[in-house]
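Comments concern the structure below.
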Amino acid sequence: MFVAVLLGAATTFAAAIRLTERIAINPWEPAIAMEAMRFNAGLQLYDAAHATHMYGPLLTVLLGGIFHVTGLNLLAARIVISIFALALTVFLALAFSRGISWEWITFVVLLFLGVNFRTNLTLLSAQPDCVAVLIACLGLLVWTKSSDSTAARIGSSLLFVCAMLFKQTAAAFALLPITFVLMWQRPLILRELLISAVPPISVFLTLAGVRLIAPGMFHAMVTVPGSIQVRWGLFPRVFLYLMATFPLFVVGLVAVFSKQRPLDHSERWVLSALVLLIPVSIWAICKSGGSYNSLLPAYFAMTALFVSRLDVIIAWLDKLPPLRATLASSGIALVIILSFFAQLDRSYVVLSLRQGDDKYDAAVAAARASSGTVISPQDPTIAYRAKGYFGNSLAFELDTHAVNGNWPAELPESLSHELATANSVIQVKSFVPNPMLERALINKGFSPLSIEALAGSAYTVWTKKSE
């Protein structure tokens, strides 16, 4: 009860802040939103002159659908995608919980929601991680229930492909059927092995089709992410960090080797997922610019192992004398708290971060009052709201024009050309430093304006000195 109340209170607190925040919470949120507005306006998304995001194209379609109803509304996008995240936690709770009461299911949902505090609050963001994982898990459910149904296997493969088109790393889920066969089927049957290879082959053929039909899209979603440097030296450190700071997994693993109940079919799938998703998640976070949201699949799989063996853990506690049972229960409660709140200080900092501040409307008004072309590369929604201008995103341009796998030290040519044609630039001070933009502004003859309405804010209006 104590753990449930603590997780519930922390989740409610974080949701109350994130799902009422009107402005962008990071540099990527307004950028992906503007791609959706481009999509709704019928503009080209994938061409050499414009850098789009490195997520899958279906994110743009989803956000475009939301904005078609709400207009350019970052909060609406965040809320809708958070609903997908909640649906994912409920799905996982129903799939792996052996409890029959709503109280039990609610507790397990709260455990899965606790993953939010280990992944930079990604369950409360407009990023596609949870949407992709939810669709991939639905694909896995259809596959496990297929009963040799060709239609079900085709449907499952399409769901895996759909998940990959939201976020590319979700393609790892398509490898789960073949991983399961290799780990658990004895003797190994060639026919089953070939059938289990259908999902990854489907993903591969989809990517090949995208490469042939839409090379610009392939460049954005495969070539550009593939050019980002992977810091392999971090791999063992991240693995040890994951094991040391998530003791919930250790408890679940110990329960797996207990003799109170043999592994069932679903637990074998969980173990297969762990073997696959932990390395993939660590690889993703080891990429230059990688963040804790990359560990989301691994954390969900590790939590699922603990949840699936909760009945074994509780049965063991029931057999202990009262004092030992109390101590053991308290220990497990402490393990849960440590696992989900090991990064509480970081989560609190992330919760307070913004791309801009409460003077956003004043920045839009200042941009509207400026003459000529106004651009805002760090938050392209400002120029769009002020002038209807579809500008480039600084973050996406730096991603696309990486040098040796990292952001370049100078502005890419596309942004440099945009600066040359602009009359005014709205700069946004952010927790993600972009010194190359200010250097370019000075070099191209811009100087900051003193605007009383923006005094002390994160926004600065730069205009060319000749004006």
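The values are calculated or read from the model by the stated rules, or taken from the named source; none is laboratory data. Every value quoted in this text rests on a predicted model; they were computed, and no experiment measured them. Here the Cβ is made from the backbone with ideal geometry for all residues, glycine too, and neighbour counts use every protein chain on show.
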*asked:* Looking at the stretch 85-92, can you tell me whether even one residue there is farther than 21 Å from Ala170 by Cβ, at pLDDT 95 or above and of a type outside the set (Lys, Arg)?
replied: no
*Only residues in the stretch 78-99 that are in contact (Cβ under 8 Å) with a residue 60 or more places away in the chain count as the first member; pair them with residues that are surrounded by 22 or more Cβ atoms within 10 Å (Cβ to Cβ) and not in a helix (DSSP H, G or I), Cβ under 9 angstrom, at least 6 apart or cross-chain, and list the lot.*
Arg78/Ile25; Arg78/Ser125; Arg78/Ala126; Ser82/Ser125; Ser82/Ala126
*Criterion: touching a Phe, Trp or Tyr at 6+ places or on another chain (Cβ under 7 Å) and assigned by TED's automatic domain parsing to the domain that holds Ala333 - qualifying residue of Arg237, Arg231, Arg211, Arg261*: Arg211
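Hey, can you tell me all the residues within the stretch 4-21 that are part of a helix (DSSP H, G or I) and farther than 14 Å from Phe112 by Cβ?
Val5, Leu6, Ala9, Thr12, Phe13, Ala14, Ala15, Ala16, Ile17, Arg18 - these are the residues of the stretch 4-21 that are part of a helix (DSSP H, G or I) and farther than 14 Å from Phe112 by Cβ.
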_Residue that is modelled with the highest pLDDT [pool: residues in the stretch 234-282 that are over 20 Å from Leu176 (Cβ atoms) and of a type in the set (Lys, Arg)]_ = Arg237
*How many residues, within the stretch 1-39, are out of contact with any Leu (no Cβ under 7 Å at 6 or more places or on another chain), touching a residue at least 40 places away in the same chain (Cβ under 8 Å) and over 23 Å from Leu62 (Cβ atoms)?*
4
*Return a yes/no flag: does the stretch 104-122 have any residue that is crowded, with 16+ Cβ neighbours inside 10 Å, at pLDDT 95 or above and of a type in the set (Gly, Ala, Ser).*
yes
*Those residues that are in contact with a helix residue (DSSP H, G or I) (Cβ under 9 Å, 6 or more places away or on another chain), charged (D, E, K, R) and farther than 29 Å from Gly290 by Cβ, I need them from the stretch 146-201; list them, please.*
Asp148, Arg153, Glu192
*Looking only at the stretch 304-312, decide whether some residue is under 20 Å from the mean Cα position of the chain (by Cα), at pLDDT 95 or above and under 24 Å from Trp232 (Cβ atoms).*
no
*Can you give me the number of residues within the stretch 83-95 that are crowded, with 21+ Cβ neighbours inside 10 Å and either of a type in the set (A, V, I, L, M) or over 11 Å from Val133 (Cβ atoms) (or both)?*
4
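Does Glu452 count as under 24 Å from Ile32 (Cα atoms), among the acidic types (Asp, Glu) and either touching a Cys at 6+ places or on another chain (Cβ under 9 Å) or outside the structural domain of Leu75 (by TED's automatic domain parsing) (or both)?
No: the conditions fail for Glu452.
Got a sec? Which helices (runs of 4 or more DSSP H) wholly within the stretch 87-169 have at least 2 residues that are closer than 30 Å to Met34 by Cβ?
Of the helices (runs of 4 or more DSSP H) lying wholly inside the stretch 87-169, those with at least 2 residues that are closer than 30 Å to Met34 by Cβ span 129-144, 150-164.
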*Within the stretch 126-161, which residues are among the hydroxyl-bearing types (Ser, Thr, Tyr) and modelled with pLDDT of 95 or more?*
Ser156, Ser157
*Output the number of residues of the stretch 255-270 satisfying the condition of being surrounded by 21 or more Cβ atoms within 10 Å (Cβ to Cβ) and either farther than 20 Å from Val335 by Cβ or among the basic types (Lys, Arg) (or both).*
1
*Check Asn434, Asn443, Asn392 and return the single one that is outside the structural domain of His53 (by TED's automatic domain parsing) and farther than 20 Å from Glu29 by Cβ.*
Asn443
*Starting from residues that are aromatic (Phe, Trp, Tyr) and not in a helix (DSSP H, G or I), keep the ones in the stretch 44-81 and report whichever is surrounded by the fewest Cβ atoms within 10 Å (Cβ to Cβ).*
Tyr46
*Please tell me if Arg22 is buried (at least 18 other Cβ atoms within 10 Å of the Cβ), of a type in the set (Lys, Arg) and in contact with a helix residue (DSSP H, G or I) (Cβ under 8 Å, 6 or more places away or on another chain).*
no
_Among (1) closer than 27 Å to Val270 by Cβ; (2) at pLDDT below 95, the one test that Thr52 misses_ = (1)
*In the stretch 451-467, how many are modelled with pLDDT of 90 or more and either closer than 19 Å to Gly372 by Cβ or surrounded by 12 or more Cβ atoms within 10 Å (Cβ to Cβ) (or both)?*
10
*asked:* Among the numbered criteria (1) modelled with pLDDT of 95 or more; (2) under 25 Å from Leu45 (Cβ atoms), which one does Ala362 miss?
replied: (2)
*Which of the residues belonging to the stretch 314-334 are among the β-branched types (Val, Ile, Thr) and modelled with pLDDT of 90 or more?*
Thr326, Ile332
